[in-house]
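The values are calculated or read from the model by the stated rules, or taken from the named source; none is laboratory data. Because the structure is predicted, anything quoted here is derived from the model rather than measured. Here the Cβ is made from the backbone with ideal geometry for all residues, glycine too, and neighbour counts use every protein chain on show.
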Amino acid sequence: MTLTNRSKPVDRKPMTFLESIYLWNIMKGMGITISHLFKKKATIQYPEQKRSFSKVFRGLHVLNRDAEGRENCTACGLCAVACPAEAITMEGAERLPGEEHLYREEKYAAKYEINMLRCIFCGLCEEACPKDAIYLSQTFAPANYGRKGFIYKKDDLLIPHPVLEKEAYQKALGEKATNN
Amino acid sequence: MHLLVIDLWFILGKATLIACIIGLSFFVAMYTTLAERKVAGWLQDRHGPNRAGPFGIFQPLADGGKLFFKEEIIPLASNKFLFLLGPGLAMVTSLVTSTVIPWAAPVTTATGTFPVQVADVDMGILIVFSVVSVGVYGIMIGGWASNNKFSLIAAIRGASQMVSYELPMGLALIAVIFMTGSLKMSEIVSHQAEHGINFLYQPLGFIIFFICALAECNRTPFDLPEAENELNFGYHQEYSSMKLGFYLFAEYINMFVSAAVMATLYFGGYDIPFVNEASWGLESWIMSAISFGILMIKIAVILFVFIWIRWTIPRFRYDQLMNLGWKKLIPLALINMIISAAVMLWLKK
Amino acid sequence: MNITIIDILWWFLSVVAIFSALMMVTSKNPVYSVLWLIATFFAISGHYILLNAQFLAIVNIIVYAGAIMVLFLFVIMLMNLNKETEPQKNRWLKIAGALAGGCLMLILVAALKDAAAKEQVASVNQGNIGLIKNLGKELFTTYVVPFEISSVLFLSAMVGAVVIGKKE
């Protein structure tokens, strides 16, 4: 009894003379391989060419700033709670007078670390964030020689300043942030 | 009184030629490894190695350098001397085979004619056979000296394969020899220049010879001695570093030389087929250079077919291999021999 | 007296042949013995080439060094002969062997002492009887009957091998 109609019964007929001398079938096989010589290569030559990611790709995290360049994050810790891999740690601090141009709210993250070796890039931190402070970009963590290099500090995560470094900011935004 | 009567110029000339041919063998073998990987890539819709230099032309150097810097391991329980002798023997036998191949048309100068061939001896092609039959020892000694059961079994597998496939090879060759009436390589070439290439008269013989050459070079579909994935790495399992490199390299030199032998025996050697190039009236050294290029093109085509077959056909099982050799190829070669002999006798009448 | 390159080669090959033959007899490891025997074959083939018997030289290498010694190696390697498995040799057996060898040596010396061979100089690098064309003509005209009989002998050996192989 067949469960699907995809299965093919094995042909157990004895070989015909033409098959038994192999030569003809070998020629056929060689015809197939030589035809592949002229086909388009499937390779993407990595450092020069890059495969484009899909719009919903979840890559390296970025800490967002608002239009004036103030950090969105208030160190509420919801992302760390949401994280199933426990990759996020942070320390909050109170905004001092005179720092209003740096941080949007009265509280900010003095320390913010993501361990990229633990992170599973599920995007739950992005979902959990009430301030739109963290989102997952369209790049991935590059290779590194040591484990330390995979623990991303706040400096590594923060998006470039939208006013002072306009081009870098636009680049870092990518296709992701255009809709908000 | 002369203490030593030696024709110094003769020896010097031959020594230069030998050095050139060995250099050529190494060079071609080096780039055959690259071609192998490139063609493998192309046939599998990939690019092949293309990072070391433009189009990857420095890849063989990188591979060689890598092998040189690998750790050299000699197993403690192995037979040290024979363990070292094995790869050396494999290399030497593969290099010696090229002595009797005429590489280009002879150069005529004011002082005489110089054949571009190390030794145009009466035995000719038989020398190739004798050296190939001795080439088994490189495999057997290496496999035995490793003191590893799997290496030994692989070595014996390889040796019996090579011994078995020498027979149909020789039988297929006999038809060519009595068409020419000589074993001399130079005469085989000149006969083909006169009467057309042997492949036209001996297509079956060529196919048999080609299949046997694949088996002698341990190429797919007959690469059982070194079936990496199912039978261990074969007789060079215990080898590392440049000793392994010697074995692998000797195989590519064997490929090159057997392609040269096939080009000479069946495709007219350095002669341009269907063209009477003697009527062009060129200088002899220019003619020689052109003929060398022609031989190289023929060799390159045959090498490509070698590689093409490797990336098409899976490996035979060992009993299939032996059945093919003893029950199919030997009777076929005998029939081919008898038919050609009968036809030749009939034509002579 | 002129020393030609052929003289040098002759001396070299003779020394190699005798030395490797001695090593073949005296070496403890049977695999070494086989390898030394192969070296002896090569030296003897070199002598054949000096006598311009090229066909004999090549056939000596193809048949003896290339085929028969491979089978020897097969057997020896697979039997895994070494010191532990070496059978105890009887002292009388050794003495008998030495005696038999000595007798053979004596006969050879006696036979060669009076032979005219020592006055004859080997025709080095001349004489074409060893070349394949002349050899073939001789074999198929003058010596055709012994040649064919020996081929029948080979055929019977082959048939015998097949019969033994089919027995099981």
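A few notes on this one:
- Residue ID - surrounded by the fewest Cβ atoms within 10 Å (Cβ to Cβ), chosen from residues in segment B:249-289 that are in a helix (DSSP H, G or I) and without any contact (Cβ under 8 Å) to a residue 24 or more places away in the chain: B:Ser279
- Residue within segment C:82-102 that is surrounded by 12 or more Cβ atoms within 10 Å (Cβ to Cβ) and touching a residue at least 24 places away in the same chain (Cβ under 8 Å) present: no
- The criterion of being surrounded by fewer than 22 Cβ atoms within 10 Å (Cβ to Cβ), small (Gly, Ala, Ser) and at pLDDT 85 or above holds for B:Ser164.
- The lone criterion from (1) more than 14 Å from chain C (Cβ to nearest Cβ); (2) at pLDDT 90 or above; (3) surrounded by 24 or more Cβ atoms within 10 Å (Cβ to Cβ) left unmet by B:Phe210 is number (3).
- Inter-residue pairs, beta-carbon under 7 Å, first closer than 27 Å to A:Glu105 by Cα and in segment A:132-153, second in a loop (DSSP other than H, G, I, E, B) and of a type in the set (Lys, Arg), 6+ apart: A:Tyr135/A:Lys176; A:Leu136/A:Arg58; A:Ser137/A:Lys176
- Residue in segment B:230-243 that is at pLDDT 85 or above, in contact with a helix residue (DSSP H, G or I) (Cβ under 7 Å, 6 or more places away or on another chain) and within 14 Å of B:Tyr318 (Cα to Cα) present: no
Matching residues to (1) among the hydroxyl-bearing types (Ser, Thr, Tyr); (2) more than 9 Å from every other protein chain (Cβ to nearest Cβ):
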position: C:Ala21; (1), (2): no, yes
position: C:Tyr48; (1), (2): yes, yes
position: C:Ala65; (1), (2): no, no
position: C:Phe74; (1), (2): no, no
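- The condition of being more than 22 Å from the chain's Cα centre (by Cα), outside any loop (DSSP other than H, G, I, E, B) and among the β-branched types (Val, Ile, Thr) holds for only one of A:Thr74, A:Thr33, that being A:Thr33.
- Reported count of residues in segment B:124-142, each being more than 8 Å from chain C (Cβ to nearest Cβ) and over 15 Å from B:Ala213 (Cβ atoms), is 4.
- Qualifying residue in segment B:1-21 (condition: touching a Leu at 6+ places or on another chain (Cβ under 8 Å) and away from chain A (no Cβ under 14 Å)): no
- Across segment B:311-331, the number of residues qualifying as assigned to a helix (DSSP H, G or I), within 14 Å of chain A (Cβ to nearest Cβ) and surrounded by fewer than 20 Cβ atoms within 10 Å (Cβ to Cβ) comes to 5.
- Taken together, the residues in segment A:15-43 that are at pLDDT 85 or above, of a type in the set (Val, Ile, Thr) and exposed (fewer than 10 other Cβ atoms within 10 Å of the Cβ) amount to 0.
- Test: residue in segment B:222-237 that is surrounded by 21 or more Cβ atoms within 10 Å (Cβ to Cβ), farther than 30 Å from B:Ala77 by Cβ and within 14 Å of chain A (Cβ to nearest Cβ): yes
- Only one entry of A:Ala109, A:Ala168 meets the criterion of being within 19 Å of A:Glu68 (Cβ to Cβ) and touching a Gly at 6+ places or on another chain (Cβ under 7 Å), and that entry is A:Ala109.
- Restricting B:Leu95, B:Leu76 to residues that are farther than 19 Å from B:Phe304 by Cα, in a helix (DSSP H, G or I) and either modelled with pLDDT under 90 or away from chain A (no Cβ under 14 Å) (or both) narrows the list to B:Leu95.
- Test: residue in segment B:98-114 that is within 12 Å of another protein chain (Cβ to nearest Cβ) and either without any contact (Cβ under 8 Å) to a residue 60 or more places away in the chain or in a helix (DSSP H, G or I) (or both): yes
- The residues listed here are B:Ala77, B:Ala29; of these, the one that is more than 30 Å from C:Ile6 (Cα to Cα) and within 27 Å of the chain's Cα centre (by Cα) is B:Ala29.
- Only one entry in A:Val62, A:Val56 is of a type in the set (A, V, I, L, M), more than 10 Å from chain B (Cβ to nearest Cβ) and in a loop (DSSP other than H, G, I, E, B), namely A:Val56.
- The condition of being more than 12 Å from every other protein chain (Cβ to nearest Cβ), at negative phi and in a helix (DSSP H, G or I) does not hold for C:Phe55.
- Residues of segment C:12-31 satisfying the condition of being assigned to a helix (DSSP H, G or I) and at pLDDT below 90: C:Val25, C:Thr26, C:Pro30, C:Val31
- Verdict on B:Phe27 being surrounded by 11 or more Cβ atoms within 10 Å (Cβ to Cβ), away from chain A (no Cβ under 13 Å) and either among the small types (Gly, Ala, Ser) or free of Cβ contacts under 8 Å to residues at least 24 places away in the same chain (or both): yes
- In this entry, B:Arg46 is excluded by the filter for residues that are within 14 Å of chain A (Cβ to nearest Cβ), without any contact (Cβ under 8 Å) to a residue 60 or more places away in the chain, surrounded by 15 or more Cβ atoms within 10 Å (Cβ to Cβ) and in a helix (DSSP H, G or I).
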